[in-house]
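Report on the following structure.
No value in this document is a laboratory result; all are computed from the given coordinates. In this text, all values refer to a predicted model and were calculated from it rather than measured experimentally. Note that we place each Cβ from the backbone using ideal geometry, even for glycine, and neighbour counts take in every protein chain shown.
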Amino acid sequence: MESKKTSKKLTTSKDEQLEKFSVDYTGKPLTTRQGLKVNDTNNSLKAGARGATLLEDFMLREKIHNFDHERIPERIVHARGSGAHGYFELYDSIEEYSKAGIFTDTSRKTPVFVRFSTVAGSKGSTDLARDVRGFAVKFYTDEGTWDLVGNNMPIFFIQDAMKFPDLIHSVKPEPHQEIPQAASAHDTFYDFVSLTPETLHNQIWLMSDRAIPRSFRMMEGFSIHTFRLINKEGKAHFVKFHWKPKLGVHSVTWDEAVKISGADSDFHRRDLWDAIEAGQYPEWELGLQIVPEEDEHKYDFDLLDPTKLIPEEMVPVKVVGKMVLNRNPENFFAETEQVAFMPGSIVPGIDFTNDPLLQGRLFSYRDTQLSRLGSHNFHQIPINRPVAEAQNNQRDGHMQTEIPKGRTAYFPNSISGGCPYLSTVAEGGFESYQERIDAKKIRARSESFNDHFSQPALFYRSLADWEKEHVAGAYTFELGKCEFKHIKERMLYLIDQIDSDLAKKVATNLGIEVPSSVDMPLNQAIGADANVEEQQPGEKKIYLDESPKLSQANTNFNSIATRQIAVLVADGFHMGIFKKVKEELEKEGAMVKLVAAHGGTVKCDKDKDHKVDAAIATTESVLFDAVYIPGGKKSIETLMAQAKFTKFVNEAYKHCKAIAVDGEAEEFLKSTAVMDISDDDALFVNGKPEAFIKAIAQHRNWKRREKAENIPA
Ligand code: HDD
């Protein structure tokens with residue numbers, strides 16, 4: 001018999017539901033799938049010890065049969081992902097906007113399951129690819145499941161779902177050789193992008209640091225689409241949803257991303273898991289940008305156009321609640337792999353708009369689960385079960401695991417007393433928003449979707465200098481990987497429309513000129529009979545000089561919680577000051593890790609053993625946020641004798657991280673490539689822990705970047 005598992009703290013109704021399906025084999029005998037006890041699972045049944053294997057061997061057949069079918073198709077996009085359980089709490093009712101229980105009942109703790117992902121790579125690809133990150137939240141509400149399936153960037157590449165297969169085919173590995181994996185830096189992607197100017201806004205975000213987050217816990221999330229909130233009176237407001245991470249929005253540099261991919265390609269997955277195991281639960285606040293229906297046409301862009309954001313300076317984000325992730329899945333496949341998100345899952349009080357990208361998504365997600373999970377009964381898989389009661393007359397099919405009682409499976413019926421019965425709107429029955437529609441059936445794009453340059457330009461203008469440099473570097477890398485000159489030129493032509501300096505910089509790096517005109521067969525991107533002249537992007541509009549909220553330079557820099565601090569030590573390290581530094585760092589929630597010349601334990605100057613977290617041979621500085629080196633003559637001599645410690649410090653310096661040293665470690669620091677110890681806000685020799693902590697919270701000292709850039713690490 002399988003026993004129930006009770007080791008984890010169950011905090012929500014979904015946790016309790018899942019617990020009923022959890023099994024724990026501790027202390028149990030091995031059996032076949034039929035419950036038969038097994039006495040040998042190492043040898044097949046044979047005619048003699050060396051003889052042929054017998055067909056009779058049902059145990060062999062069962063074991064191999066199961067193995068043969070273990071894999072399911074990975075997601076066509078967002079295949080690589082990591083999930084966690086948690087809950088959502090509302091601060092104050094917003095019943096004036098929405099009647100949804102989740103937005104009116106402050107006493108609720110609504111269970112959530114969240115899956116973060118990259119988009120292009122396969123299931124086993126690196127976490128640190130330059131890519132958009134998926135941010136999908138399943139709310140198990142009392143009125144049914146609501147899936148908010150967003151990304152970490154507030155806009156999307158295309159305006160119509162019809163183009164999604166083309167977009168994805170262009171970014172996925174090229175079909176003839178299946179190269180490159182988890183990378184947009186190749187010809188087919190830029191061929192498509194450069195022929196499809198609507199992609200430029202998301203494209204420039206992809207070139208920014210948002211595409212290489214420090215952690216899933218340090219990313220924003222966005223619904224992208226404008227949705228509707230509906231109140232009890234049936235009045236609607238447009239809404240865009242935002243997730244704001246408590247830890248701020250932070251990224252790694254491209255050089256780190258490349259190196260992390262080798263040092264720990266599970267970096268983001270591990271980071272999420274470890275933070276939750278350590279009780280450092282990641283938190284986001286949910287914010288709403290609300291626009292009255294009357295203001296639908298007030299803006300210089302169309303609210304239904306998913307390639308446009310509403311600058312927060314124009315419509316502020318109203319924070320309404322918070323989400324906490326407090327439990328890791330018990331089993332990756334059962335939960336994170338089998339979870340099925342569908343933007344079509346909504347609840348009364350929330351409704352769709354006519355955003356043509358959203359409309360197409362409403363079909364795609366349900367459809368894809370069938371090929372991924374194999375049966376339309378995928379909603380019965382424990383992670384996909386609603387917490388709200390679910391009953392209807394949809395029946396049978398592969399893997400039906402429920403036993404519906406009774407004689408009827410149709411509606412209306414009298415035999416079952418009309419059950420399951422209908423609910424009035426007042427009782428919670430869902431009613432679609434009664435939007436007036438009076439239009440011709442037409443296969444076309446609205447002219448109000450035409451402006452493809454104003455918002456990428458606003459984004460670029462709003463970035464700090466160091467962020468702009470990163471964008472130029474990213475374009476250089478990505479276009480540098482393209483083979484076709486005409487594709488690079490078409491991209492440069494389009495970048496030039498966004499910002500001429502940026503285009504010039506990238507062109508110089510590529511060793512080509514920014515062209516003044518290019519062959520742009522726009523009716524490929526619009527429609528064979530489209531009037532291309534009319535569809536040309538018009539003048540760039542400046543409806544805001546800058547949107548500071550778009551820059552990571554203006555995020556939270558108030559915490560070092562969960563930051564990984566490497567302490568470089570060898571036998572004889574000085575325990576005195578280190579103890580104080582460690583206490584101070586840990587008090588602020590940082591994770592202090594001893595990186596030593598060898599594994600096992602290392603002795604301090606008090607002759608005490610300290611557990612080593614990582615031997616230098618097994619780790620890299622790119623996996624840490626800051627470095628501390630305590631003094632101790634013998635320890636420092638050992639560190640200085642091993643080149644990898646010097647490389648560790650050089651790289652931390654190159655990546656503009658905080659470094660603090662005490663005592664004899666100053667000598668070590670001077671022997672590295674670190675420059676101008678006195679003139680750096682994030683370098684400390686015999687300094688105060690408080691100053692070190694402040695510098696770590698700043699994430700990076702970008703002022704150092706010019707000096708650090710040329711360090712050959
Ligand atoms: Fe999508 C998965 C986000 C447009 C079709 N999408 C998927 C996931 C995320 C997004 C986060 C992973 C969910 C998970 O963790 O299981 N997708 C977006 C966003 C979009 C978007 C924010 C635009 C605003 N997607 C989009 C379009 C289509 C799809 C236009 C198709 C017409 N997306 C899919 C899919 C996936 C998917 C093929 C793959 C696996 C799955 O659905 O469950 O159906």
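Around the Cα centre of the chain, unit charges on the Cβ atoms of Lys, Arg, Asp and Glu (plus for the first two, minus for the last two) sum to a dipole of about 2220 debye. When the alpha carbon coordinates of the chain are projected onto the principal axes, the ranges are 89, 79, 59 Å, largest first. Helical runs (DSSP H, four residues minimum) scored at -39500 (n - 2.57) apiece and divided by the length of the chain put the mean residue ellipticity at 222 nm at -8000 deg cm²/dmol.
The Cα-based radius of gyration and maximum Cα-Cα distance (Dmax) for the range 614-713 are 12.5, 34 Å.
If R₀ is 25 angstrom, what is the calculated FRET efficiency for the pair E16 and Q400, using the beta carbon separation as r and rounding to 0.05?
After rounding, the FRET efficiency stands at 0.60.
Pairs of Cα atoms nearer than 8 Å and 6+ residues apart set the relative contact order; for the range 13-68 it is 21 percent. When you filter the GluC sites (Glu not before Pro) in the range 160-237 for DSSP loop state and at most 14 other Cβ atoms inside 10 Å of their Cβ, you are left with E178, E233. Calculated FRET efficiency, E293 and T106, Cβ-Cβ r, R0 22 Å, to nearest 0.05? Efficiency computed from Cβ-Cβ geometry: 0.25. Under 16 Å from a label point set 7 Å out along the Cα-to-Cβ vector of E70, the amide N atoms of the range 309-332 belong to 331-332.
Projected label points at D274 and K541, each 7 Å from Cα along the beta carbon direction, are separated by 4.6 nanometres.
Dividing the Cα radius of gyration of the range 400-493 by its Kirkwood radius returns 1.35 for Rg/Rh.
A simple count of charges around R361, restricted to other residues whose Cβ falls under 13 Å of its Cβ and scoring Lys, Arg +1 and Asp, Glu -1, yields -2. Loop-resident chymotrypsin sites (Phe, Trp or Tyr not before Pro) (DSSP state other than H, G, I, E or B) in the range 468-512 with no more than 15 further Cβ atoms inside 10 Å of their Cβ: F484. Computed 3J(HN,Hα) for the range 282-298, one whole-Hz value per residue from the Karplus formula 6.51 cos²θ - 1.76 cosθ + 1.60 where θ = phi - 60°, is x, 9, 10, 9, 8, x, 10, 9, 10, 10, x, 4, 4, 8, 3, 9, 7, glycine and proline marked x.
When the Cα positions of S98, T41, T110 are compared along the charge dipole of the range 1-154, T41 comes out farthest toward the positive end, with charges on each C-beta of Lys, Arg, Asp and Glu. Looking at the range 439-510, which GluC sites (Glu not before Pro) are in a loop (DSSP not H, G, I, E or B) and have at most 16 other Cβ atoms within 10 Å? Hits after loop and neighbour filter: E483. Binning the C-alpha pair distances of the range 81-384 at 20 Å intervals from 0 yields a P(r) profile of 33, 61, 6 %, listed from the shortest bin outward. Structural descriptor for the chain: relative contact order 11 percent, calculated from alpha carbon pairs under 8 angstrom and at least 6 residues apart.
The residues packed around V425, meaning those with a beta-carbon under 11 Å from its beta-carbon, carry a net charge of 0 if Lys and Arg are +1 and Asp and Glu are -1. Computed over the Cα atoms of the range 369-429, pair by distinct pair, the Kirkwood hydrodynamic radius stands at 13.5 angstrom.
Farthest towards the positive end of the charge dipole of the chain, among the residues S559, T253, V193, is the Cα of S559, using unit charges on the Cβ of Lys, Arg, Asp and Glu.
If you take every residue apart from H169 with its C-beta less than 12 Å away from the C-beta of H169, what net charge results, scoring Lys and Arg +1 and Asp and Glu -1? Net local charge, H169 excluded: -1.
Within the range 376-394, which residues have the backbone N less than 14 Å from the label spot 7 Å out from Y410 along Cα→beta-carbon, could you tell me? Answer for the range 376-394: 393-394. Taken one residue at a time, the phi angles of the range 554-562 give Karplus couplings (6.51, -1.76, 1.60, θ = phi - 60°) of 10, 8, 6, 10, 10, 8, 10, 4, 6 Hz. Gly and Pro are set to x. Here the contact order of the range 559-709, divided by its residue count and restricted to Cα pairs under 8 Å and six or more residues apart, works out to 24 percent. For the range 349-449, the dipole from Cβ point charges (+1 on Lys and Arg, -1 on Asp and Glu) about the Cα centre works out to 380 debye, to the nearest 20.
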